[in-house]
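*Asks:* Input: one structure, supplied below.
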Amino acid sequence: MIRPVKKFFLWAVVAVLLSIWGCARYPGVVERPKPLSNEEWVARLKDRAEYWQTYQATLHLRADSAKGKYPLRAVILANLPGQFRLEAFNLWGQTLGVLILNNDQSTLWVPNERTIYTAQKPGVLTDHFLGVSLPLDILGYSLAACLPPAELKTFKMVAGSSKWIGMSRGIENGWSYQWEFLSQPMALKAFEAREGLWHYSVTYEPSVPLDVKGSPQRVKFLSSEWQMDITLDQIQVTSNLQSDLFLPVFPGETRKVNLDASK
């Protein structure tokens, strides 16, 4: 026979255990987010591209190639997909070059050489000075961690366990692209571009969130011939870029070199 004191103590312990049991919370099954459809991916990436269509940025750039190593500061103005301007300065604020890319005519002004280089296609200029032909829209949108709207026409997404791979083949320029996205949180990590023997990759550190206003901090371009390490000090959308900023107006006493004629 259980004594009253012991019986009371036993019931008290049971009551406490039941109380703890009732208040305890057990996590349920964690459901993974439902994968987006290809149409939803395209819509989200299109929104980003539209938001960053016109922007300005200040950055630090280090380019390493067979032509040498160049630590630069630069200001970029972009009115995508067809206009892009980069003005590069040395550490003392002197202009080293002004690169203006348009789909119908592109120029590079080098003050120290008193020379203007011209080419009908933007890729001819980037090929001559960087060793790789970079399409204008890919260069401009890459710096804002966006996909060009033209590439979204053939965009296809393949889902993985921790990342997604998006693929596209350029309709007009013959390039093929592969983008790598993180799944949790959704972000753009890197992409690769190929065209014939040309190949280069772009990496974002850290990965760029895929919300509309997400912006990159550091961008690395890498190929077998050259690399560029870009740190963005500031990048922001703008709506007041004047069209004459993308017109090649330079001092009169300059030598002109047509790179198309040398091909």
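*Asks:* Might you tell me the accessible area per residue for the stretch 47-110, computed with a 1.4 Å probe and given in Å²?
*Replies:* Computed with neighbouring chains in place, this is 46 Å² per residue.
*Asks:* Just to be sure I understand: of the beta bridges DSSP finds with both ends in the stretch 116-263, what percent are antiparallel, rounded to 5?
*Replies:* Bridges in the stretch 116-263 that DSSP calls antiparallel: roughly 90 percent.
*Asks:* Kindly identify the stretch 176-232 as rounded, prolate or oblate by the Cα gyration tensor criterion: order the square roots of the eigenvalues as a ≥ b ≥ c, call it rounded if a/c is under 1.5, otherwise compare a/b with b/c, prolate if a/b is larger, else oblate.
*Replies:* Here the stretch 176-232 falls in the oblate category.
*Asks:* Measuring from label point to label point, each 7 Å out along Cα→Cβ, what is the Gln234 to Asn112 span in nm?
*Replies:* Distance between the two pseudo-spin positions: 2.7 nm.
*Asks:* Report the calculated FRET efficiency for Tyr70 and Gln184 (r = Cβ-Cβ distance, R0 = 41 Å), to the nearest 0.05.
*Replies:* According to the calculation, E is roughly 0.60.
*Asks:* Just subtract the alpha-carbon distance of Asn258 and Phe89 from 0.36 nm times their residue separation and send over the number in nm, one decimal.
*Replies:* 58.4 nm
The values are calculated or read from the model by the stated rules, or taken from the named source; none is laboratory data. Here the structure is a predicted model, which means the values were calculated and not measured. Every residue, glycine among them, receives a Cβ derived from its backbone with ideal geometry; neighbour counts consider all protein chains shown. Ligands, DNA and RNA are excluded from the accessible area calculation, which covers all protein heavy atoms including side chains. Shrake-Rupley method; radii C 1.70, N 1.55, O 1.52, S 1.80 Å.
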